[in-house]
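Colleague: Can you keep this structure in mind? I'll have questions shortly.
The values are calculated or read from the model by the stated rules, or taken from the named source; none is laboratory data. Computed from a predicted structure; not experimentally measured. Note that we place each Cβ from the backbone using ideal geometry, even for glycine, and neighbour counts take in every protein chain shown. Keep in mind that these areas ignore ligands, DNA and RNA; they rest on the heavy atoms of the full protein, side chains included. Shrake-Rupley method; radii C 1.70, N 1.55, O 1.52, S 1.80 Å.
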Amino acid sequence: MLRWLDRLPEAVRAELVAAGRERSFSAGALIYTIEDQPGGIFAIQSGEARQFIGRADGGNLLLRICRPGDSLGQTYITDGAPAPLFAEARTDLVTLFIPATAIARLRRQHVEIEQELALVAAETIRQQWRLIESLAFLSLRERLWRRLQFMRESEKMSDPVKADAEWIELDVTQAELASMLGVSRPALNRELQRMDTAGVVRLGFRKIYVPAGFPL
């Protein structure tokens, strides 16, 4: 996901920050649900969050793990409708909450905000279509490879030092990865074991490592 706040001119970003206030959440606390209008943007300062779609049987499809520099809620501030997914704190979480009313006022004053939000909306649509394609047409191995590649590139972007490492540790549990792919944990583990045997990934105790320097 584009870290659109970081892409704004410094003066514009400073106005958004000045309009916000700190909001903290304990690990496991819901930030918003499918019945809530987020009411603004939650820019993550420390900790991690995750976004997911709930299922009637109590399970969920994990869409994204969000870390410092990421933000939540920007896609849903325009129409005032509830969010189509849940957001919860993965760890203890500190955010800068910028109310929708302040964002609306600053959007009228700074075209750069409007442009960045349009880019976020376009990227969100592309990601949704990729998810539909993945779930409808790709095998588990293909979906897993695509997800691991995406997560590897995200880790390299968030920590440039990792780009020079031979292997990159992914900050994800097997339960979370299974939830991202819409499969059971045993099915995922069998596929990861095959990939580990083939040397494509390395499995450690509660850890998954992927090669940094070549495509999976």
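Colleague: Where the centre of each part is set by its Cα atoms, how far does segment 43-115 sit from segment 138-216, in angstrom?
Modeller: 25
Colleague: Output the Cα-based Rg and Dmax of the chain in Å, rounding Rg to one decimal and Dmax to a whole number.
Modeller: Considering the chain through its Cα atoms, Rg and Dmax are 18.2, 57 Å.
Colleague: Turning to a different aspect of this structure: Beta carbons within 10 angstrom, averaged per residue: use that to sort the peptides 40-50, 172-182, highest first.
Modeller: Listed from highest to lowest mean packing, they are 40-50, 172-182.
Colleague: In addition: If Rh is defined by the Kirkwood formula over all Cα pairs and Rg also comes from Cα, what ratio Rg/Rh do you get for segment 47-87?
Modeller: Using Cα coordinates only, the ratio equals 1.01.
Colleague: At q = 0.14 Å⁻¹, what is the log10 ratio I(q)/I(0) for segment 103-166, with the Debye formula run over Cα points and no solvent?
Modeller: For the requested q values the scattering log ratios are -0.66.
Colleague: Students often check this: by mean Cβ neighbours within 10 Å, which of 145-154, 63-72 ranks highest, and how do the rest follow?
Modeller: In decreasing order of mean packing, 145-154, 63-72 become 63-72, 145-154.
Colleague: Can you work out the accessible area per residue across the chain, with the rest of the protein chains kept in place, probe 1.4 Å, in square angstrom?
Modeller: 53
Colleague: Let me ask something additional. Simple spin-label model, 7 Å along Cα-to-Cβ: R105 to S139 in nm?
Modeller: 5.7
Colleague: Can you list the DSSP H helices in the chain whose Cα atoms extend at least 24 Å along the helix axis and whose mean Kyte-Doolittle hydropathy is -1.0 or higher?
Modeller: 111-137
Colleague: Now, a different point. Taking θ as phi - 60°, what are the ³J(HN,Hα) couplings along segment 200-205 by the Karplus curve (6.51, -1.76, 1.60), each to the nearest whole Hz, with x for Gly and Pro?
Modeller: Working through the residues one at a time gives 7, 10, 10, 10, x, 5 Hz.
Colleague: So how much slack lies between D92 and A198, counting 0.36 nm per residue of separation and subtracting their Cα-Cα distance, in nm?
Modeller: Value of the extension gain: 34.5 nm.
Colleague: Right, another one. What spacing in nm lies between the two simple spin-label points modelled at V120 and A175, each 7 Å away from Cα in the Cβ direction?
Modeller: Distance between the two pseudo-spin positions: 3.0 nm.
Colleague: Okay, helix-only estimate at 222 nm for the chain: each DSSP H run of n ≥ 4 adds -39500 (n - 2.57), divide by all residues, round to 500 deg cm²/dmol; what do you get?
Modeller: Taken over the chain, the calculation gives -13000 deg cm²/dmol.
Colleague: So if the hydrodynamic radius of segment 146-216 is defined as the Kirkwood radius over C-alpha pairs, what does Stokes-Einstein give as its diffusion coefficient at 37 °C and 0.692 mPa s, in µm² per second?
Modeller: My calculation gives 265 µm²/s for D.
Colleague: Right, another one. Rounded to the nearest percent, how much of the accessible area of the chain (1.4 Å probe, protein heavy atoms only) is carbon and sulfur?
Modeller: 54
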